[in-house]
Amino acid sequence: MRTTSQSRLTLATLVPRDVFGALQAMGIDAEEAGNEAKALCPNPEHHDSRPSWSCNLDTGEHHCFACGFGGSFMFLVGKMLGKTRGDAESWIRERKIQDAAAGHVGPRVVTRQQAPAMSEADMWRFTEPPAHARAERGLTLNACTMYDVRWDAENDLWITPVRDKHGRLLGWQEKNARHFNNRPRHLVKSGSLFGWERLPPGGTALLVESPLDCPFTVHGCPAGVVPVSSYGASVSAEQVALLRSRAGRVILALDNDEAGWRSVGKLAYAFGATRTDVITYGAAVLEDGVWQIGEPDGRDPGNLSMDEVSCYIETAVPAWRIRIPWL
């Protein structure tokens, strides 16, 4: 017979076999990234403006790095659906469970489905971004046209197309301050780079996370430097291969947060430290010929002025001279 503490531990680690499907059932619009789902924070007291929340698809543990909201999947169900602990347990068990504490953990159910074929005709209803939306993001109409950034006037959403390396339309991202989604829902972006078609062979790629950072930074880039986006801090092996096949040099301008710097460490090795430079956001101190990166402040290229964009690109530090002591 289990003790009370063992029972509590089991309930605390109770998660459905299909965690991603359960998130969707609770109304959380999330994006799969490896074994995690990322979304705007579902905490009703946190008005999240960009995806700050993630949920582990194996354990159900979740956390928002911006407001600290997090805990077990049981807690999330209770908070999102207004259920008591007993009702939350029943809701999870109805969806076939995996119980880590009791050792009953099966393989994770993958909900990804084959995305339906898309065509350029699917983009017809989107228009050029209006002046007020461009002003809020610091974007010009010319830059939006350059990157084929569009606008969903009916829902006030930015639309950024996702294309494969041959230019074929796979779908798009839609977002505003309170909404983020992929169309189709199970869109796979790991083999795509936003802005890839603008990068000439042997050119210099400025790698940013958000697609909307591309049209923002483009006017601050020196000649020959082309912004491209990986659709997030996680950069896949396919995306690395695309850049290695075309870029002569890569400047890493990922967000100045922990996730961004973890990717910087991996990418500097993947691209080769001698052909990779890193934007430090002014948070580096030179010690014995090595730039020591200080604690991140959360800035990203979209927070910079155009003069700062130009300055940081011109003063990017070679990756082999970077050290991140706090990772």
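The values are calculated or read from the model by the stated rules, or taken from the named source; none is laboratory data. The structure displayed is predicted, hence computed values, not measured ones. Don't worry about glycine lacking a Cβ; one is built from the backbone with ideal geometry, like all the others, and counts go over all protein chains shown.
Looking for something under 20 Å from residue 188 (Cα atoms) and either of a type in the set (Gly, Ala, Ser) or touching a helix residue (DSSP H, G or I) at 6+ places or on another chain (Cβ under 6 Å) (or both) - is there at least one such residue anywhere in the stretch 58-67? Scanning the stretch 58-67, I find no residue that is under 20 Å from residue 188 (Cα atoms) and either of a type in the set (Gly, Ala, Ser) or touching a helix residue (DSSP H, G or I) at 6+ places or on another chain (Cβ under 6 Å) (or both), so the answer is no. The set of residues in the stretch 301-316 being buried (at least 18 other Cβ atoms within 10 Å of the Cβ) and at pLDDT below 90 consists of 302 alone.
The residues of the stretch 208-228 that are in contact with a Ser or Thr (Cβ under 6 Å, 6 or more places away or on another chain) and either among the acidic types (Asp, Glu) or not in a loop (DSSP other than H, G, I, E, B) (or both), listed by number, are 208, 214, 220, 225, 227. In this structure, residue 137 qualifies as of a type in the set (D, E, K, R), assigned by TED's automatic domain parsing to the domain that holds residue 231, surrounded by 12 or more Cβ atoms within 10 Å (Cβ to Cβ) and modelled with pLDDT under 95.
For the condition at pLDDT 95 or above and under 17 Å from the mean Cα position of the chain (by Cα), residue 206 qualifies. Determine if the stretch 87-99 includes at least one residue that is at pLDDT 80 or above, assigned by TED's automatic domain parsing to the domain that holds residue 33 and either under 22 Å from the mean Cα position of the chain (by Cα) or within 15 Å of residue 28 (Cα to Cα) (or both). Looking for residues that are at pLDDT 80 or above, assigned by TED's automatic domain parsing to the domain that holds residue 33 and either under 22 Å from the mean Cα position of the chain (by Cα) or within 15 Å of residue 28 (Cα to Cα) (or both), one finds none in the stretch 87-99, hence no. Evaluate the following for residue 2: is it modelled with pLDDT under 85 and either over 25 Å from residue 234 (Cα atoms) or in a strand (DSSP E or B) (or both)? Against the criterion (modelled with pLDDT under 85 and either over 25 Å from residue 234 (Cα atoms) or in a strand (DSSP E or B) (or both)), residue 2 qualifies.
Selection over the stretch 19-45 of residues that are surrounded by 16 or more Cβ atoms within 10 Å (Cβ to Cβ) and within 22 Å of residue 177 (Cβ to Cβ) gives a count of 13. The condition of being closer than 24 Å to residue 65 by Cβ, under 18 Å from the mean Cα position of the chain (by Cα) and β-branched (Val, Ile, Thr) holds for residue 235. Taking the numbered list (1) in a loop (DSSP other than H, G, I, E, B); (2) touching a helix residue (DSSP H, G or I) at 6+ places or on another chain (Cβ under 9 Å) in turn, residue 269 passes all entries but (1). Residue 73 fulfils the conditions (1) touching a Cys at 6+ places or on another chain (Cβ under 8 Å); (2) loosely packed, with under 11 Cβ neighbours inside 10 Å; (3) modelled with pLDDT of 85 or more except for a single criterion, (2). Please verify whether the stretch 36-56 includes one or more residues that are on the phi < 0 side of the Ramachandran plot and either assigned by TED's automatic domain parsing to the domain that holds residue 183 or among the aromatic types (Phe, Trp, Tyr) (or both). Yes, the stretch 36-56 has at least one match. In the stretch 46-55, the residue that is surrounded by the most Cβ atoms within 10 Å (Cβ to Cβ) out of those that are under 15 Å from residue 175 (Cβ atoms) and hydroxyl-bearing (Ser, Thr, Tyr) is 52.
Within the stretch 121-161, the set of residues being over 11 Å from residue 212 (Cβ atoms) and of a type in the set (Lys, Arg) comprises 125, 150.
Do we have any residue at all in the stretch 297-311 that's more than 28 Å from residue 159 (Cα to Cα) and in a helix (DSSP H, G or I)? Yes, the stretch 297-311 contains a residue that is more than 28 Å from residue 159 (Cα to Cα) and in a helix (DSSP H, G or I). Scanning the stretch 229-266 for residues that are of a type in the set (D, E, K, R), surrounded by fewer than 22 Cβ atoms within 10 Å (Cβ to Cβ) and not in a helix (DSSP H, G or I) gives 249, 257. Could you list, in sequence order, all residues of the stretch 181-215 that are β-branched (Val, Ile, Thr) and farther than 21 Å from residue 143 by Cα? Within the stretch 181-215, just 188 meets the criteria. Does residue 222 satisfy being within 24 Å of residue 174 (Cβ to Cβ), in contact with a helix residue (DSSP H, G or I) (Cβ under 7 Å, 6 or more places away or on another chain) and modelled with pLDDT of 90 or more? For residue 222, the condition - within 24 Å of residue 174 (Cβ to Cβ), in contact with a helix residue (DSSP H, G or I) (Cβ under 7 Å, 6 or more places away or on another chain) and modelled with pLDDT of 90 or more - is not met.
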